[in-house]
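A.B. asks: Take this structure first; my questions come after.
The values are calculated or read from the model by the stated rules, or taken from the named source; none is laboratory data. Fair warning: this is a prediction, and the values are worked out from it, not measured in the lab. Cβ atoms come from the backbone with ideal geometry, glycine included; neighbour counts cover every protein chain shown. These accessible areas exclude ligands, DNA and RNA; they are computed on the full protein's heavy atoms, side chains included. Shrake-Rupley method; radii C 1.70, N 1.55, O 1.52, S 1.80 Å.
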Amino acid sequence: MRRIAVFASGGGSNLQALLDAQDRDGFDGRIELVFSNVIGSGALDRVKGRGVATLCLPSRGFEGSREEYDAQVLAAMEASGIDLVCLAGYMRILTPVLVRPFRDRMLNIHPALLPKYGGAGFYGHHVHEAVLKAGEKESGATVHFVVEKTDAGPILLQGKVPVEPGDTPESLAARVLRVEHTIYPEAVRLVCAGRVRIVGDRAEIIGP
Ligand code: GRF
């Protein structure tokens with residue numbers, strides 16, 4: 001059984017989708033810990049009364065370097081025996097201090113069809129604004145493994161949605177979020193089942 005930690009800074013609807021999938025069909029793992037860098041993050045509330053540990057290390061006001069922050073997070077993950085980290089709206093750039101030990105064991109969900117609309121500056125509504133501005137006919141979401149370069153790791157799953165006439169960043173974000181809630185649990189299920197192999201910069205799904 002994988003011991004899973006979910007990192008979230010915001011409302012945590014993807015965390016909720018993972019919890020729901022765990023309750024419904026289960027995967028060969030369990031969400032043991034929810035971590036946030038933001039006090040009062042809605043994600044922390046979502047696991048109240050569920051027997052899931054929570055941890056909040058506020059990044060605002062943290063006096064050390066990013067590396068020192070990540071070293072504390074890493075120590076907490078190791079103390080809890082976490083072997084899979086799922087970033088779900090974790091609004092912080094990670095340093096190698098955290099990324100390297102979790103190589104091939106850390107997933108992220110991004111609200112666009114990577115490699116397009118990823119990297120520095122492409123987060124939240126900025127992503128959807130850029131997609132609309134470019135006149136794209138479709139957008140979507142991507143689950144990928146985390147590497148040191150932002151949004152650049154091996155892609156595991158993608159889900160597409162159409163861009164509709166008259167879409168605003170908000171309406172497109174809502175449509176993309178619905179697909180996120182499907183592909184993220186599926187990605188975690190595949191990883192927990194040992195059905196993902198990373199070959200170079202590609203993630204391959206093994207089996208039927
Ligand atoms: C999602 O759009 C995700 O793709 C991005 O951050 C957002 C988090 O939403 N990385 P939520 O907190 O899971 O509702």
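A.B. asks: I'd like the Karplus ³J(HN,Hα) series for the stretch 128-144: coefficients 6.51, -1.76, 1.60, θ = phi - 60°, whole numbers in Hz, and an x wherever there's a Gly or Pro.
C.D. replies: Per residue, the Karplus-derived 3J(HN,Hα) values read 5, 4, 5, 4, 5, 4, 7, x, 4, 8, 9, 9, x, 9, 9, 9, 9 Hz.
A.B. asks: Still on this model: From the phi of every residue in the stretch 166-182, what ³J(HN,Hα) in whole Hz does the Karplus formula 6.51 cos²θ - 1.76 cosθ + 1.60 yield, where θ is phi - 60° and glycine or proline is x?
C.D. replies: Karplus-based 3J(HN,Hα) across the stretch 166-182 equals x, 4, 10, x, 5, 5, 5, 4, 5, 5, 5, 4, 4, 6, 4, 5, 8 Hz.
A.B. asks: On the Cα set of the stretch 90-188, report Rg and Dmax in Å, please.
C.D. replies: When restricted to the Cα atoms of the stretch 90-188, Rg and Dmax are 13.4, 44 Å.
A.B. asks: Let me ask something else about it. Under a straight-distance cross-link criterion of Cα-Cα below 19 Å, which lysines are reachable from K149, leaving out those fewer than 8 residues away in the same chain?
C.D. replies: Filter leaves K116.
A.B. asks: Then there is this: Work out how far the C-alpha atoms of the chain reach from end to end along every principal axis, then list the three figures in whole Å, largest first.
C.D. replies: The principal-axis extents, from largest down, are 49, 45, 37 Å.
A.B. asks: Between L15, V146, G81, whose Cα lies farthest towards the positive end of the dipole of the chain when Lys and Arg beta carbons carry +1 and Asp and Glu beta carbons carry -1, centred on the Cα centre?
C.D. replies: It is G81, whose Cα lies furthest towards the positive end.
A.B. asks: Which percent, nearest 5, of DSSP beta bridges in the stretch 1-102 are antiparallel?
C.D. replies: In the stretch 1-102, approximately 5 percent of DSSP beta bridges are antiparallel ones.
A.B. asks: I'd like the accessible area for C56, computed on protein heavy atoms only with a 1.4 Å probe and all protein chains in place. Round to 10 Å², please.
C.D. replies: The accessible area of C56 comes to roughly 50 Å².
A.B. asks: Could you give the size of the charge dipole of the chain about its Cα centre, using +1 on the Cβ of each K and R and -1 on the Cβ of each D and E, expressed in debye and rounded to the nearest 20?
C.D. replies: I would put it at about 240 debye.
A.B. asks: Work out, step by step, the length gained on full extension between I93 and A76: first 0.36 nm times the residue separation, then minus their alpha carbon distance; give nm to one decimal. Before the final figure, lay out each step's value.
C.D. replies: Values: separation 17, 0.36 × 17 = 6.12 nm, distance 1.80 nm.
This chain segment gains 4.3 nm when fully extended.
A.B. asks: Further question on the same structure: Ordered by residue, what ³J(HN,Hα) values in Hz, to whole numbers, does the stretch 8-18 give under the Karplus form 6.51 cos²θ - 1.76 cosθ + 1.60, where θ = phi - 60° and Gly and Pro are x?
C.D. replies: Coupling constants for the stretch 8-18: 8, 10, x, x, x, 5, 5, 4, 4, 4, 5 Hz.
A.B. asks: Please work out how much accessible surface I198 shows to a 1.4 Å probe, ignoring ligands, DNA and RNA, in Å² rounded to 10.
C.D. replies: The accessible area comes out at roughly 50 Å².
A.B. asks: Shifting gears a bit: Express as a percent, rounded to the nearest 5, the fraction of DSSP beta bridges in the chain (both residues included) that run antiparallel.
C.D. replies: Rounded to the nearest five, the antiparallel share is 50 percent.
A.B. asks: Largest first, how would M1, M106 line up by accessible area (1.4 Å probe)?
C.D. replies: Accessible-area ranking of M1, M106, largest first: M1, M106.
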